[in-house]
Amino acid sequence: MVVSHKFRTFVTMKATDQIKSAAELQEEAFKEKAKSYLVCFTEDCPLHDQCLRWLVGRYADRRLPAFNAVNPLNPHNGGEQCEMFRPSQRVVMKRGFTNMYHEMPGYVEHRIRRDLIAAFGRKQYFQMRKGDRLVTPDQQQTILVTCRHHGWQGPIIYDGEQEGWVW
């Protein structure tokens, strides 16, 4: 019984460590992104609590003499229709699609690959295909529409998935 109690305590400690680590990982990611990401400091914007640019800006090093920041004087920024707004919700992004073409006939595969390279560019297409670059939900939709357009009704097989922000 004593071993069981110790085990439960250890598992509970591990679970709380993992929760704390997720918050710490988010803070580290935001601090790192603040160095090069276009941030926002518009406090009176009605969307700032939901905006990734504003949240990352909260982690910016205030001692730096300059930032890469959204222009608060631009009338199109900082309102309900802000052009620079990025949602702060995490989304499921796919990683790699090296196995997507295995079940497709060759002529369909060739057409889909050609159209995806035209849509994303050669370098970005191969980075996404190999899994070096995550595939955002919008890009997943482009891949799906392209496959359906060329008559492929089978599943779109990705190598994995990961939750993250669309920077």
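The values are calculated or read from the model by the stated rules, or taken from the named source; none is laboratory data. Keep in mind it's a predicted model, so treat the numbers as computed, not measured. Positions of Cβ are generated from backbone atoms using ideal geometry, with glycine treated the same way; all protein chains shown enter the neighbour counts. Ligands, DNA and RNA are stripped out before the accessible areas are found, and what is left, the full protein with its side chains, is counted by its heavy atoms. Shrake-Rupley method; radii C 1.70, N 1.55, O 1.52, S 1.80 Å.
What percent does the relative contact order of the stretch 33-100 come to when contacts are Cα pairs within less than 8 Å and at least six residues apart? Don't skip to the end; give the middle numbers.
Numbers: 75 pairs, mean separation 24.6, N = 68.
Over the stretch 33-100, the number comes to 36 percent.
Please list the non-local residues whose amide H lies under 5 Å from the amide H of Val39, H modeled 1.01 Å from N, same-chain partners needing a gap of 5 or more.
The answer is Asn68, Ala69, Val70.
In whole percent, what relative contact order does the chain give with Cα contacts below 8 Å and a gap of six or more residues?
RCO, the chain: 23 percent.
³J(HN,Hα) across the stretch 130-137 via Karplus (A = 6.51, B = -1.76, C = 1.60, θ = phi - 60°), whole Hz, x for Gly/Pro?
6, x, 6, 10, 6, 9, 6, x
According to a simple spin-label model (label point 7 Å from Cα along Cα-to-Cβ), what is the distance in nm between Gln50 and Ala23?
Placing both labels 7 Å beyond Cα along the Cβ direction yields 2.4 nm.
How much FRET efficiency would the formula 1/(1 + (r/R0)^6) give for Asn74 and Gln162, where r is the Cβ-Cβ distance and R0 is 35 Å, rounded to 0.05?
Between Asn74 and Gln162 the formula returns 0.55.
Output ³J(HN,Hα) for the stretch 108-119: one whole-Hz value per residue in order, computed from phi by the Karplus curve 6.51 cos²θ - 1.76 cosθ + 1.60 with θ = phi - 60°, and x for Gly and Pro.
6, 4, 4, 5, 5, 4, 4, 5, 5, 5, 5, 6
Which value, in Å to one decimal place, does the Kirkwood hydrodynamic radius take for the chain when every pair of different Cα atoms is included?
After inverting the pairwise mean of 1/r, the radius is 19.3 Å.
Express in nm, to one decimal, how much length is gained between Arg90 and Gln153 on full extension, taking 0.36 nm for each residue of separation and deducting their alpha carbon distance.
Full extension of this stretch gives 19.8 nm more.
Please list 50-62, 120-132 highest first by mean number of surrounding beta-carbon atoms within 10 Å per residue. Before the final figure, lay out the partial values.
Working: 50-62: 18.3, 120-132: 15.2.
Ranking, from highest mean packing down: 50-62, 120-132.
Using the Cα gyration tensor of the stretch 51-129, with a ≥ b ≥ c the square roots of its eigenvalues, what is the shape: rounded (a/c below 1.5), prolate (a/b larger than b/c) or oblate (neither)?
Working: a/c = 3.08, a/b = 2.61, b/c = 1.18.
Because a/c hits 1.5 or more and a/b exceeds b/c, the stretch 51-129 counts as prolate.
So, with a 1.4 angstrom probe, what is the percent of accessible area on the chain that is carbon and sulfur?
Numbers: 6100 of 11290 Å².
Ligands and nucleic acids excluded, carbon and sulfur give 54 percent.
What shape does the stretch 77-118 have by the C-alpha gyration tensor, where a ≥ b ≥ c are the square roots of the eigenvalues, rounded means a/c under 1.5, and otherwise prolate means a/b greater than b/c and oblate the rest?
Cα axes put the stretch 77-118 in the prolate bin.
What is the dipole size for the chain, taken about its Cα centre, with +1 at each Lys and Arg Cβ and -1 at each Asp and Glu Cβ, in debye to the nearest 20?
Values: 24 positive and 19 negative charges, 116 e Å.
Roughly 560 debye for the chain.
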